[in-house]
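Every number in this text was worked out from the coordinates using simple rules, so none of it is lab data. The shown structure was predicted, so the numbers you read here are calculated from the model rather than taken from an experiment. Ideal geometry is used to build each Cβ from the backbone, glycine not excepted, and the neighbour counts take in all protein chains shown.
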Amino acid sequence: MQHSTALTKTACIAALVIGVLSAAFAFATKTPTYAVASGAAAGIVGLVSLYIGRKNIDDMQLAAAGIFMAVVACLVGLWQMYN
């Protein structure tokens with residue numbers, strides 16, 4: 001197991017925070033297009049962070065949680081769009 005650098009840890013925590021914020025925004029917004037767009041942007045940030053932190057399991061877990069929350073944001077937006 002490799003130790004993570006400060007940049008790697010920051011990127012993966014940022015992915016988690018952005019994912020949570022996009023999911024919260026998806027529930028709060030009345031425009032589903034914005035919810036899907038914020039979820040997609042958070043997903044891209046999460047994937048980049050996942051690639052950056054691929055050598056440390058703890059960092060990968062943070063990035064994966066951010067990706068999960070981004071998927072939740074996209075699904076909420078799509079649910080609002082088609083319902």
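Among ALA40, ALA23, ALA73, which one moves the most in a GNM of the chain with springs linking Cα atoms closer than 10 Å?
Among ALA40, ALA23, ALA73, the largest mean-square fluctuation in the Gaussian network model of the chain belongs to ALA40.
Starting at the first residue of segment 17-27, write each ³J(HN,Hα) from the Karplus equation 6.51 cos²θ - 1.76 cosθ + 1.60 with θ = phi - 60°, in whole Hz, x for Gly and Pro.
5, 5, x, 5, 5, 5, 5, 5, 5, 5, 6
What is the spin-label model distance, in nm, from THR29 to ILE44 if the labels are put 7 Å beyond Cα along the C-beta direction?
So the two model labels end up 1.4 nm from each other.
For the chain, what is Rg from Cα atoms divided by 2.2 N^0.38 Å, rounded to two decimals?
Here the answer is 1.13, to two decimals.
Residue separation times 0.36 nm, minus the C-alpha to C-alpha distance between TYR51 and LEU21: what's the value?
8.7 nm
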